[in-house]
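Undergrad: Right, I'll just put the structure down here and ask away after.
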Amino acid sequence: MPDKPRTWDQFAIKAELHRRGMTLTKLAEISKLNPGTFRAVWARPNRKVERAIARFLEVPVEQLFPGRYPKRSNTILSREYAAESTGEKTTKDAA
């Protein structure tokens, strides 16, 4: 039976850091970033801090902060709107 994906929240992330003998302040020093930005990451997104935490925990940043890193789709616009954005005429315009 496959394992259920782990749900990460602020407390789980901090607990895992502590289990591995790391604090946010130490990680900030290692990453050469301001410790205040590490402490504020829960309220204010910061891509550098989020990547540093993810690298240390060896977990994809999208998994740690799923609300900040939504899955991207390959299609940006539907075909109906793609023609409008490139300036091409659609069949509606041609009539």
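The values are calculated or read from the model by the stated rules, or taken from the named source; none is laboratory data. Just so we're clear, the structure is a prediction, and the values are computed from it rather than from any experiment. Every residue, glycine among them, receives a Cβ derived from its backbone with ideal geometry; neighbour counts consider all protein chains shown.
Undergrad: Are there any pairs with C-beta distances below 9 angstrom linking a residue in segment 40-59 that is acidic (Asp, Glu) to a residue that is assigned to a loop (DSSP other than H, G, I, E, B) and at pLDDT below 95, with the two at least 6 apart or on different chains, and if so which?
TA: Between residues of segment 40-59 that are acidic (Asp, Glu) and residues that are assigned to a loop (DSSP other than H, G, I, E, B) and at pLDDT below 95, the close pairs are 50/41; 50/65; 50/68; 50/69.
Undergrad: Filter segment 13-23 down to the residues that are under 18 Å from the mean Cα position of the chain (by Cα) and either under 14 Å from residue 61 (Cα atoms) or not in a helix (DSSP H, G or I) (or both) and list them by number.
TA: The answer is 13, and nothing else.
Undergrad: Something else now. Could you check segment 24-95 for helices (runs of 4 or more DSSP H) lying wholly inside it with 2 or more residues that are at pLDDT 60 or above and within 29 Å of residue 9 (Cβ to Cβ)?
TA: Of the helices (runs of 4 or more DSSP H) lying wholly inside segment 24-95, those with at least 2 residues that are at pLDDT 60 or above and within 29 Å of residue 9 (Cβ to Cβ) span 24-31, 35-39, 47-57, 61-64.
Undergrad: Give segment 1-39 a look and list any residue that's in contact (Cβ under 8 Å) with a residue 40 or more places away in the chain and among the aliphatic types (A, V, I, L, M), or say none.
TA: Matches in segment 1-39: 13, 17.
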